[in-house]
Each structure stands twice: as C-alpha cells, then as structure tokens.
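These notes concern the structure reproduced below.
The values are calculated or read from the model by the stated rules, or taken from the named source; none is laboratory data. Predicted, not measured: the structure shown is a model, and the values here were computed from it. Positions of Cβ are generated from backbone atoms using ideal geometry, with glycine treated the same way; all protein chains shown enter the neighbour counts.
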Amino acid sequence: MSTPDPDPSAHQHGNPGQPRRHWLQMAAVAGVAGAAAAAGLGWQQRQAAQAPSGPPWSERFPTPDGGELVMASMRGRPLVLNFWATWCPPCIKELPDLDRFHREWSPKGWEVVGLAVDNLRAVKEFLQRQPLGFPVGMAGLEGSALSRQLGNGQGALPFTAVFDTRGVVIQRKLGQTSYDELKGWAKGL
C-alpha cells in the first residue's frame with residue numbers, strides 16, 4: 001500500500017525536486033525566525049541585567065547626622081559612588097576633588113555619594129573638620145561587600161564606581177581618583 005503524497009500539487013508540473021525545495025525554504029524561514037527570536041531574547045536578558053535594581057539601588061544607609069540615604073532616590077541620574085574611610089590616606093586626599101566635582105557637576109544633573117567604610121564616630125569627627133557637600137552614607141564593613149559586588153575584587157579603598165542614567169556601571173576605579181578624571185568620565189557620558 002502506498003502512502004499519500006503530502007503535497008500532490010508539487011508533482012503537477014513534473015518537478016520532483018519541488019517538495020524538497022519547499023522544505024528547504026521552510027527550514028530557512030524557521031532558522032531565520034529562530035535566530036531573530038534568540039537575538040531578541042538575548043537583548044532582553046542584557047537589558048534586564050543592566051536594569052537599575054539590586055546593588056546599590058536597593059540599599060539604604062544611615063547618614064552621620066542621623067538621617068537615611070536612600071539609593072533608589074538617585075535613579076535616573078548619573079552617579080559617582082565613592083567608597084572611602086577616614087583611615088585611608090588616598091581616600092582623604094581625593095575627597096576635595098570629589099567635592100569639587102559635586103559642586104560643578106550637580107547643576108548638570110550629576111549625583112555624588114560617599115559611602116564610608118568606617119565607624120560613625122570617626123566619620124562625624126572627620127566631617128566636622130572637613131565638611132563635604134555631597135551625601136555621605138555609613139556603609140560600615142558591609143561597604144566592602146557592596147564594593148566587591150560592583151567590581152572591586154580586592155575590596156580595597158578608595159574605590160569609585162560611575163553609573164549612567166540607566167543605572168549601569170560605566171567606569172570603575174580602584175585607587176585615588178582626581179577631578180580631571182571624574183570630569184573626563186562625565187564628558188564621555
């Protein structure tokens with residue numbers, strides 16, 4: 001008993017290769033559609049990975065004056081996030097440059113936040129001697145873990161991460177930064 005031809009019209013013109021060509025065309029269309037779907041899924045996954053959620057956006061830090069620094073309030077603006085401590089000489093040396101950057105670039109929409117990987121008493125005493133115009137949060141020892149999540153594999157200080165308006169890290173710097181370096185990063189955004 002013979003099986004019925006799935007496409008009898010393909011043989012009407014005497015072209016026995018037509019069913020195979022039709023199958024190959026359909027396979028090519030399916031392959032292109034599959035590749036497009038995979039590319040779209042990859043794009044969605046990259047966007048989800050870059051979305052401003054998780055560290056540091058989900059974090060809240062006490063401030064030296066008894067308030068609270070809510071990182072989610074910084075979303076949508078470019079941000080310089082600096083990890084520092086009073087016992088770190090390069091940290092202390094770069095703070096005036098961070099403060100200058102804050103004064104000159106905050107009118108352009110930039111935020112600067114300092115996270116002190118230190119104890120409250122030492123930070124309060126330091127800020128009485130050298131006030132800063134940008135917000136300071138008390139990250140304590142947990143600040144080292146957060147800086148590691150942001151790309152500071154060594155957990156050393158100072159460490160600076162720069163975020164674009166989407167909340168994606170665009171620059172990382174382990175070690176002392178400068179006003180000119182910060183300005184260069186800002187102009188590159």
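State all residues of region 65-84 that are surrounded by 21 or more Cβ atoms within 10 Å (Cβ to Cβ) and either assigned to a strand (DSSP E or B) or more than 17 Å from the chain's Cα centre (by Cα) (or both); if no residue qualifies, say none.
Within region 65-84, LEU79, VAL80, LEU81, ASN82, PHE83, TRP84 qualify.
If you check GLY133 against the conditions, is it modelled with pLDDT of 95 or more, part of a loop (DSSP other than H, G, I, E, B), surrounded by fewer than 15 Cβ atoms within 10 Å (Cβ to Cβ) and touching a helix residue (DSSP H, G or I) at 6+ places or on another chain (Cβ under 7 Å)?
Judged against the criteria, GLY133 is a match.
Does region 120-130 contain any residue that is under 23 Å from TRP105 (Cα atoms) and buried (at least 23 other Cβ atoms within 10 Å of the Cβ)?
no
Would it be correct to say that SER144 is among the hydroxyl-bearing types (Ser, Thr, Tyr), at pLDDT 95 or above and out of contact with any Phe, Trp or Tyr (no Cβ under 6 Å at 6 or more places or on another chain)?
So SER144 does not fit the description; no.
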